[in-house]
Structures are given as structure tokens and as C-alpha cells.
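Engineer: To start, I am sharing the structure in question, which I have written as C-alpha cells.
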Amino acid sequence: MFEIGSNVVLGWSYSNDTLRPPAKVSICGRYPSDFAAFQARTGPCDWVVASNLSGGTRNYTWNTVTQGAPGYSLYADTGYMMYIYDGDFGIGNPNPGAGRITPFAFTFSMYNSQYGNTNQGVPVGYNP
């Protein structure tokens, strides 16, 4: 579960079976399946989080404000998907070859924090 408006650190590692780590790593996201604007999808990704990161990179900080689908905001819901994959082989190649990474996907939820509010929505520090 990630907070809308936050920076999220995504991290990954490779097993000893990864004989040929990727030269470039890419990350993309997908809105929940019930998001009407993307009902006629043509691919697995709705927006690019990062592309062609150095293969030696093992983490990336995703800014949930500036790195979303152009023209659309993230909204509180479940069923988002994030994909981390070999930038040379793409997300649509489930069998990139022996010793290489296959695309990795995980689901997540987004929420709007109400931490700055207390007592039925009265902002912290409010003094009438």
C-alpha cells in the first residue's frame, strides 16, 4: 500500500541463477482494471515509471506525483500493477533466455493519507 503524493522506494535483487543480469532495467505501472480511461488497453503498461536504468541499479525512487500516466492522477484503489523488467527484452517477452530475468510484476494499492487531519477533518493546528 503506497500513499498518493509520496516517494516510494522500489528495490530488487537477482538470484544466483541470473547469469546475465540486464544491461538496462525498466519499470512501468498499470491502473486497476476498473479504471474506465484505460478499458481499451493495447499493452500491459499505462505509464512508464523509469526506463533504461543502468543494469547495476538495485533500487529506484518513484515519485507518485510526477511519475504517473500523462493527463491522469493516481487515485485511492486496489489492483494497481507494477512491472520491473529487462529493458532490452521488454515486458512482453516471458522467456528472454537462460540466465536472464523474466518480467516481474506485483500488485499494490494506493491511498490518500488523512494524517494531517484530526477530530472529524479539522486540520492540525487550526485555531479559530
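Engineer: What net charge is computed for the residues neighbouring D77, neighbours being all others with C-beta under 15 Å from the C-beta of D77, Lys and Arg scored +1, Asp and Glu -1?
Structural biologist: Values: positive: R30; negative: E3, D34, D46.
Its environment carries a net charge of -2.
Engineer: Continuing with this model, one more query. Using unit Cβ charges (K, R positive; D, E negative) and no other charged atoms, how large, in debye to the nearest 20, is the dipole of the chain about its Cα centre? Walk me through the numbers on the way to the answer.
Structural biologist: On the way: 6 positive and 7 negative charges, 54 e Å.
That gives a dipole near 260 debye.
Engineer: Given springs between every Cα pair under 10 Å in a Gaussian network model of the chain, which of G29, G87, G97 has the largest fluctuation?
Structural biologist: Looking only at G29, G87, G97, the biggest GNM fluctuation is shown by G97.
Engineer: Subtracting the Cα-Cα distance from 0.36 nm times the residue separation, let me have the gained length for N93 to A23 in nm, one decimal.
Structural biologist: 23.6 nm
Engineer: Who wins for biggest fluctuation among T102, T18, T78 in a Gaussian network model of the chain, springs between alpha carbons below 10 Å?
Structural biologist: It is T18.
Engineer: Next question. So how many Å³ per residue does the convex hull of the Cα atoms of the chain work out to?
Structural biologist: 139
Engineer: Beta carbons within 10 angstrom, averaged per residue: use that to sort the peptides 105-114, 59-68, highest first. Before the final figure, lay out the partial values.
Structural biologist: Details: 105-114: 12.7, 59-68: 14.3.
The peptides rank, most packed first, as 59-68, 105-114.
Bear in mind that the values in this text are calculations on the coordinates, not laboratory data. No experiment lies behind these values; they were computed from the predicted model shown. Don't worry about glycine lacking a Cβ; one is built from the backbone with ideal geometry, like all the others, and counts go over all protein chains shown.
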